[in-house]
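The values are calculated or read from the model by the stated rules, or taken from the named source; none is laboratory data. Nothing here was measured: the structure is a model prediction, and the numbers come from that model. Backbone-built Cβ (ideal geometry, glycine too); neighbour counts: all protein chains shown. The area values use the complete protein model at the heavy-atom level, side chains included, leaving out ligands, DNA and RNA. Shrake-Rupley method; radii C 1.70, N 1.55, O 1.52, S 1.80 Å.
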Amino acid sequence: MTKLRNLRELRWRRKGPRLPPSVLDAAKLKIDPDNTGQWVLPAAYRAFLSQMDGGRPGVQTFKDKGKEHTIEAFYTFADAANTAEKLRKGGKLPEGFLPVAMTPSKHPLVYVELEEEGRVWIRTAPRARWEDEKVVYLLADDFAEFLDMLGSDQRMAFASTSSASPWGIVTDTVDEPPPKKKTAAKTKTAAKTKTAAKTKTAAKTKTAAKKKTAAKKKTAKKKTAAKKKTAAKKKTAAKKKTAAKKKATKKKATKKKATKKKTAKKKAAKKKAAKKKTAKKKATKKKATKKKTAKKKTAKKKKRR
């Protein structure tokens, strides 16, 4: 790891609080929630957070490939993690990268790899795909090296002055050597490493996508099974209800039939009794008439004598 520069040289306009080791250890859960040990806070970036949790430096420019870039501020760790999550959900950032600094237009500009070395990458076009090598490329071997790039000309002037700094600290009078130019071999190695990292990231993204698809299929299968179960339950309940209804209707019809039969029987018995009574009455009347006729006959006979 490159030694972290004196952060006071960046003449901060606003800076975050120091993050204690306990908070930095807990921060691992944000970048590696499953605790796989795959992603870690890079040593140099962790050292930076232990001194300040983000902030807005007074020295905001750095040069790369002959172009000057400006950063507005360094993200707090919480903001960096949340921004990374949003970008990943939108498919604009692969796993294993964390945005650390933003442009004046509030777009992420500088990223660190979530590995022990923590190489630093730059994306000069915020809407560009991560695979676009023209706008996404390796900037520094670690976060400390990136900090060294900030205001390198101003830093030389700052380092050669023996007067007190705005914080009342006297700086050394020894000039720092200019940053070394990258050799062709180093550039080639960086390109190879980037390709390897991209391949690794692509493989991880593919695996994650497969897992996500499998999980979705599983959920859909469960949902379908639950729907079928509910439909079967409803069908069974409907059948039971229909059967109960039929049974009740049948019972009602049987009861009605029995009542009708009983009524008919009673009516027939009543009719029979009435018929019998009428017949008896007729027989009695006939008998009485016969008796009367016989009496009259007898009386007539007696009269003749």
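With the condition kept exactly as written, say whether any residue in region 12-33 is closer than 17 Å to LEU139 by Cα, touching a strand residue (DSSP E or B) at 6+ places or on another chain (Cβ under 7 Å), modelled with pLDDT of 90 or more and not in a helix (DSSP H, G or I).
To start, the set of residues in region 12-33 that are closer than 17 Å to LEU139 by Cα comprises none.
No, there is no match, as no residue in region 12-33 is closer than 17 Å to LEU139 by Cα, touching a strand residue (DSSP E or B) at 6+ places or on another chain (Cβ under 7 Å), modelled with pLDDT of 90 or more and not in a helix (DSSP H, G or I).
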key: Complete set of residues in region 13-65 that are more than 12 Å from PHE77 (Cβ to Cβ), touching a helix residue (DSSP H, G or I) at 6+ places or on another chain (Cβ under 6 Å) and hydrophobic (A, V, I, L, M, F, W, C)   = TRP39, ALA44, VAL59, PHE62
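Yes/no matrix, rows are residues, columns are (1) at pLDDT below 80; (2) open to solvent by less than 70 Å² (accessible area, probe 1.4 Å); (3) touching a strand residue (DSSP E or B) at 6+ places or on another chain (Cβ under 8 Å); (4) assigned to a helix (DSSP H, G or I):
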site: ASP172; (1), (2), (3), (4): yes, no, no, no
site: PRO177; (1), (2), (3), (4): yes, no, no, no
site: LYS180; (1), (2), (3), (4): yes, no, no, no
site: ALA190; (1), (2), (3), (4): yes, yes, yes, yes
site: ALA215; (1), (2), (3), (4): no, yes, no, yes
task = Give the number of residues within region 18-29 that are open to solvent by 90 Å² or more (accessible area, probe 1.4 Å) and of a type outside the set (D, E, K, R).
result = 1
